[in-house]
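Below is one structure; the comments refer to it alone.
The values are calculated or read from the model by the stated rules, or taken from the named source; none is laboratory data. Everything numeric in this text was worked out from a predicted model, so none of it was measured. Every residue, glycine as well, gets a Cβ built from its backbone with ideal geometry; the counts of neighbours run over all protein chains shown.
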């Protein structure tokens with residue numbers, strides 16, 4: 001499973017790279033800069049991300065940390081849920 005996010009730092013600046021879903025990539029930083037990229041497939045996304053990480057490294061950015069997708073792994077709840085869908089139906093409004 002691919003990593004979900006990376007944090008690059010340089011001096012007092014940071015760049016956060018995140019793969020939130022599908023073939024999407026968000027680059028936040030430095031400062032208030034923010035870009036969202038959409039790719040046709042996983043291969044194109046991987047190639048872009050590798051090239052970006054290499055470019056950042058070559059210009060003095062340091063990979064400070066990364067985080068795997070939180071949704072991977074086993075369920076941490078000790079008590080199982082009664083239903084798969086925990087959302088409650090919207091309340092019905094009654095007019096008299």
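Say whether the condition of being closer than 17 Å to residue 5 by Cα, under 15 Å from the mean Cα position of the chain (by Cα), in a strand (DSSP E or B) and modelled with pLDDT under 60 is met by at least one residue in the stretch 67-88.
Initial filter on the stretch 67-88 (closer than 17 Å to residue 5 by Cα): 67-73.
After this cut, where a residue has to be under 15 Å from the mean Cα position of the chain (by Cα) as well, the list is 67-72.
Subsequent filtering for residues that are in a strand (DSSP E or B) retains 67-68.
Within this subset, residues satisfying the condition of being modelled with pLDDT under 60 are 68.
Looking for residues that are closer than 17 Å to residue 5 by Cα, under 15 Å from the mean Cα position of the chain (by Cα), in a strand (DSSP E or B) and modelled with pLDDT under 60, one finds at least one in the stretch 67-88, hence yes.
Pairs are defined by a Cβ separation below 6 Å, a sequence spacing of at least 6 or placement on different chains, a first member in the stretch 34-60 that is under 13 Å from residue 19 (Cα atoms), and a second member that is part of a helix (DSSP H, G or I); the pairs so defined are 39/45.
Considering each residue of the stretch 43-59, count those that are assigned to a helix (DSSP H, G or I), in contact with a strand residue (DSSP E or B) (Cβ under 9 Å, 6 or more places away or on another chain) and under 14 Å from residue 10 (Cα atoms), and give that number.
Within the stretch 43-59, the first condition is being assigned to a helix (DSSP H, G or I), and the residues that meet it are 43-58.
If we keep only those that are in contact with a strand residue (DSSP E or B) (Cβ under 9 Å, 6 or more places away or on another chain) too, we end up with 45, 48-49, 52-53, 56-57.
Within this subset, residues satisfying the condition of being under 14 Å from residue 10 (Cα atoms) are 53, 56-57.
Adding up the residues that qualify gives 3.
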